[in-house]
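Take a look at the structure below.
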Amino acid sequence: MGFKIYQVNPAGVEVIKQFLLENHKRPEEATTDSALSAWAADAAACADINDGEVIVEIPAVDCVHGYAVELNLAESCLDVDVVRESC
């Protein structure tokens, strides 16, 4: 038996970046290297909790549309490591 650890790959970071550029009120702040790293870490944590399903959300207060928007990150945007448990 084992469990999966997810990480957002470079293609996934680019998808998140494009989503933020199109929808975030302050894309210049939301798409810095450190901010993208934080977005990717949150997405990976979401994947860990939800067995690979990832939703990246921009809250209404930060969204150009005035309401929250979500991105469902595709499986191809994630790298998966399977950790085997030993007895």
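Quick note: the coordinates plus some simple rules give every number you see, no bench work behind them. Just so it is clear, the structure is predicted and the values come from calculations on it, not from any experiment. Note that we place each Cβ from the backbone using ideal geometry, even for glycine, and neighbour counts take in every protein chain shown.
Relative contact order, whole percent, for the chain stands at 43, derived from Cα pairs under 8 Å and 6 or more residues apart. Hey, if you drop one equal point scatterer on each alpha-carbon of segment 2-84 and run the Debye formula without solvent, what base-10 log of I(q)/I(0) do you get at q = 0.14, 0.15 Å⁻¹? The Cα Debye sum returns log10 ratios of -0.44, -0.50. The charge dipole of the chain, taken about the Cα centre with unit charges on the Cβ atoms of Lys, Arg (+1) and Asp, Glu (-1), comes to about 60 debye, rounded to the nearest 20. In the chain, the longest principal axis of the Cα atoms and the axis of helix 33-49 are about 50 degrees apart. Here Glu14 and Asp81 are evaluated by their C-beta separation; at R0 = 22 Å the FRET efficiency comes out at 0.60.
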